[in-house]
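Q: Below you will find the structure I want to go over with you.
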Amino acid sequence: MRSMLDGRTAVITGAAGGIGAAAARVFSAHGARLVLADVDVEGGRQAADAVVKSGGEAVFVRADVTSENDVAALVREAVSHYGRLDCAFNNASVDGETAPLHESTRENWERVLRVNLTGAWLCMKHEIAQMLRQGGGAIVNTSSVAGLVGLGATPQSAYFAAKHGLVGLTRQAALEYAGQHVRVNAVCPGAVRTPLLESAIRAEVITERDAVSYTPVQRLASPEEIAEAAAWLCSDLSSFVTGQAVPVDGGWTAQ
Ligand SMILES: NC(=O)c1ccc[n+]([C@@H]2O[C@H](COP(=O)([O-])OP(=O)(O)OC[C@H]3O[C@@H](n4cnc5c(N)ncnc54)[C@H](O)[C@@H]3O)[C@@H](O)[C@H]2O)c1
């Protein structure tokens, strides 16, 4: 039986840990050949090695998504290695400082917007250019429940603004390319057990109990549960889905 990403080439950013590393395992299990990108070279190489050890195909490229040169080189690497780029999971992110808006710094605002929003825009710019050259493709951006609703208990205005912006960017890009066989969607995870959430718990941005209490299914997600949704959105099984911000949040935003 064919797997849903058989023969597809996928770029995954933020692939060194958490949801990105889980996506490497999940996309590979569904048949994709991977180019993994991150600024964390050790974690990124480990993620690629793990895929190769389990019989898949993956290369790691050090790429900072805020650098247009790095992003252009990343897409070129996918094409030179595998001949094409079918899917992209733009997932790299930083959460930035936790402080009420009036006490937060402009440096933090600019850094979080640069990585989480400009970085995704740069990735899409180069990925879409390649997808148009070859006749189509599918892009999935990682937004968040923080891209759909606010949360007073978590003072991270830059992160929430960037993730909301990413939903708008996803919708607009989907419409600009809807007639050219490029689909663009976002996944909006709720609370997922990853290094990002664990550091937020350590920094007392959020308690695990609170994260669970926002979640009707009463538990955290595994990173694989988010990765499976992204893999589906990258595959032809979701061929009529574009411009959507899909909550994968255990019911958080249904309340
Ligand atoms: N963990 C959660 O509960 C949760 C909830 C909602 C949304 N998300 C989103 O899911 C995505 C993955 O988060 P995670 O929890 O796996 O976090 P994580 O911190 O484990 O992963 C983020 C990755 O992005 C990489 N990165 C940071 N800046 C980069 C840059 N400039 N260029 C390239 N790579 C860079 C980091 O090195 C890291 O490997 C993020 O977009 C995050 O906002 C996570």
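The values are calculated or read from the model by the stated rules, or taken from the named source; none is laboratory data. The structure presented is a predicted model; accordingly, all values stated were derived computationally and were not measured. Glycine also receives a Cβ, built like all others from the backbone with ideal geometry; neighbour counts cover every protein chain displayed. Calculation scope for accessible area: heavy atoms of the full protein, side chains included, ligands and nucleic acids excluded. Shrake-Rupley method; radii C 1.70, N 1.55, O 1.52, S 1.80 Å.
Q: Once phi is turned into θ = phi - 60°, what whole-Hz ³J(HN,Hα) does the Karplus curve with 6.51, -1.76 and 1.60 give for every residue of the stretch 181-198, x standing for Gly and Pro?
A: So the Karplus estimates, Gly and Pro as x, are 6, 10, 9, 9, 9, 10, 9, 10, x, x, 8, 10, 6, 9, x, 4, 5, 5 Hz.
Q: Can I ask one more? Find, to one decimal place in angstroms, the Kirkwood hydrodynamic radius of the stretch 96-215, where the mean of 1/r is taken over every pair of different Cα atoms and then inverted.
A: Taking every pair of different Cα atoms in the stretch 96-215, averaging 1/r and inverting gives 15.5 Å.
Q: On to the next question. Against the longest principal axis of the chain, how steep is helix 41-53, in degrees 0 to 90 to the nearest 10, with axes from Cα atoms?
A: Roughly 50 degrees, rounded to the nearest 10.
Q: Can you list the residues of the stretch 171-203 with backbone N under 18 Å from a point 7 Å past the Cα of L132, pointing along Cα to Cβ?
A: Label zone hits: 171-185.
Q: Given the chain, report the % of alpha carbon pairs whose separation exceeds 34 Å.
A: Values: 3622 of 32385 pairs.
Tail of P(r) above 34 Å: 11 percent of Cα pairs.
Q: Sticking with this one: Using only the alpha carbons of the stretch 1-73, what is the convex hull's orientation-averaged projected area in square nanometres?
A: Taking the Cα atoms of the stretch 1-73, their convex hull projects to 4.6 nm² on average.
Q: Further question on the same structure: Carbon and sulfur together cover what percent of the accessible area of the stretch 58-107 at a 1.4 Å probe radius?
A: 46 percent
Q: Could you please report the charge total around V145, scoring K, R as +1 and D, E as -1 over all other residues with beta-carbon less than 11 angstrom from its beta-carbon?
A: Here the charged neighbours net out to 0.
Q: Can you give the local net charge around A16? Use residues other than it whose beta-carbon is closer than 9 angstrom to its beta-carbon, Lys and Arg +1, Asp and Glu -1.
A: So the environment of A16 carries a net charge of -2.
Q: Here's something else I'd like to know. Could you sort 178-191, 63-76 so that the peptide with the highest average Cβ count within 10 Å comes first and the rest follow in order?
A: Most protected by this proxy first, the peptides run 178-191, 63-76.
Q: Can I ask one more? What's the center-to-center distance, using Cα atoms, between the stretch 36-98 and the stretch 208-234 in Å?
A: 23 Å
Q: Once every Cα of the stretch 152-255 carries one equal point scatterer and solvent is ignored, give the base-10 log of I(q)/I(0) from the Debye formula at q = 0.16, 0.22 Å⁻¹, two decimals.
A: Result of the Debye calculation: -0.79, -1.23.
Q: For the stretch 33-79, just list the percent of Cα-Cα distances falling in each 5 Å bin from zero outward, please.
A: Taking every Cα pair in the stretch 33-79, the percentages come to 5, 26, 28, 23, 13, 4, 1.
Q: Please say if the stretch 108-152 is rounded, prolate or oblate, where rounded means a/c under 1.5 for a ≥ b ≥ c the square roots of the C-alpha gyration tensor eigenvalues, and otherwise the choice is prolate for a/b larger than b/c and oblate otherwise?
A: Oblate.
Q: With the cut-off at 16 Å, report for the stretch 39-153 the share of all Cα pairs above it, as a whole percent.
A: 67 percent
Q: Same structure, new question: Kindly write out, for the stretch 3-9 in residue order, the coupling ³J(HN,Hα) from the Karplus curve 6.51 cos²θ - 1.76 cosθ + 1.60 (θ = phi - 60°), rounded to whole Hz, with x marking Gly and Pro.
A: So the Karplus estimates, Gly and Pro as x, are 8, 5, 10, 3, x, 8, 9 Hz.
Q: Using the Cβ atoms and a cut-off under 15 Å, what net charge is assigned to the surroundings of M131, where Lys and Arg are +1 and Asp and Glu are -1?
A: For residues surrounding M131, the net value is +2.
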